[in-house]
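The values are calculated or read from the model by the stated rules, or taken from the named source; none is laboratory data. These numbers come from a predicted model, not from an experiment. No Cβ is skipped: glycine too gets one built from the backbone with ideal geometry, and neighbour counts run over all protein chains shown.
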Amino acid sequence: MRFELRHALPRSPEVAWAAMFGAKYEAAVSAASALDREVLDEGPRGALFFRRSRIRSARKLPGAIAAAIGQDQLTYVLEETRNDAGFTLDWRVIPAVMSDKVKAAGTYALVPAAGGCERLVRGEIVVSIPLLGGKIEKGIGDELQASYERSAEFARNWLLENT
């Protein structure tokens with residue numbers, strides 16, 4: 001399942017990127033989110049910045065999906081490689097269970113737009129489980145989209161108040 005999400009933000013890519021990857025914003029996001037994040041590794045990799053985090057969602061998964069994957073909460077490792085000069089980020093999700101059957105990866109970018117910039121998130125989720133793969137892809141996709149919608153609203157408000 002491929003997806004693309006677009007969110008308008010009220011600042012230029014330069015201002016939004018610097019703010020949204022700064023310590024003050026990250027602390028505010030952590031306090032406001034329904035995610036538990038533990039940074040496992042981070043640091044520069046040449047001209048890029050790499051971060052590997054363990055994420056646990058506080059939201060419960062729907063019954064059929066929870067039964068299929070053997071856990072009632074979505075837990076995964078998130079790998080991000082950030083290009084601050086280009087306002088782009090490549091991401092990959094490694095699920096805590098069934099990582100050989102569930103693949104999720106994509107890109108995140110800030111591009112100029114009228115009134116500020118647009119956050120463009122593209123990705124693909126592939127679940128290789130007979131009969132249930134499509135349903136699980138949809139469940140993961142729905143959770144991911146809802147998470148990005150919440151984060152966009154938070155980012156818009158935070159940027160207006162803090163930049």
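Among (1) modelled with pLDDT under 95; (2) over 19 Å from residue 154 (Cβ atoms), which single condition is residue 107 missing?
(1)
So if I check each of 86, 106, which one is under 19 Å from residue 21 (Cβ atoms), in a strand (DSSP E or B) and among the small types (Gly, Ala, Ser)?
Working: 86 fails: in a strand (DSSP E or B).
Of the residues listed, the single one that is under 19 Å from residue 21 (Cβ atoms), in a strand (DSSP E or B) and among the small types (Gly, Ala, Ser) is 106.
Does residue 93 fit the bill of being at pLDDT 90 or above, under 12 Å from the mean Cα position of the chain (by Cα) and crowded, with 19+ Cβ neighbours inside 10 Å?
yes
Go over the candidates 140, 125 one by one and state the one that is buried (at least 18 other Cβ atoms within 10 Å of the Cβ), assigned to a strand (DSSP E or B), β-branched (Val, Ile, Thr) and touching a residue at least 40 places away in the same chain (Cβ under 8 Å). Talk me through it step by step, then tell me what you get.
Numbers: 140 fails: assigned to a strand (DSSP E or B).
On inspection, the qualifying residue turns out to be 125.
Is one or more of the residues making up the stretch 31-49 in contact with a Ser or Thr (Cβ under 6 Å, 6 or more places away or on another chain), part of a strand (DSSP E or B), within 23 Å of residue 77 (Cβ to Cβ) and among the aromatic types (Phe, Trp, Tyr)?
no
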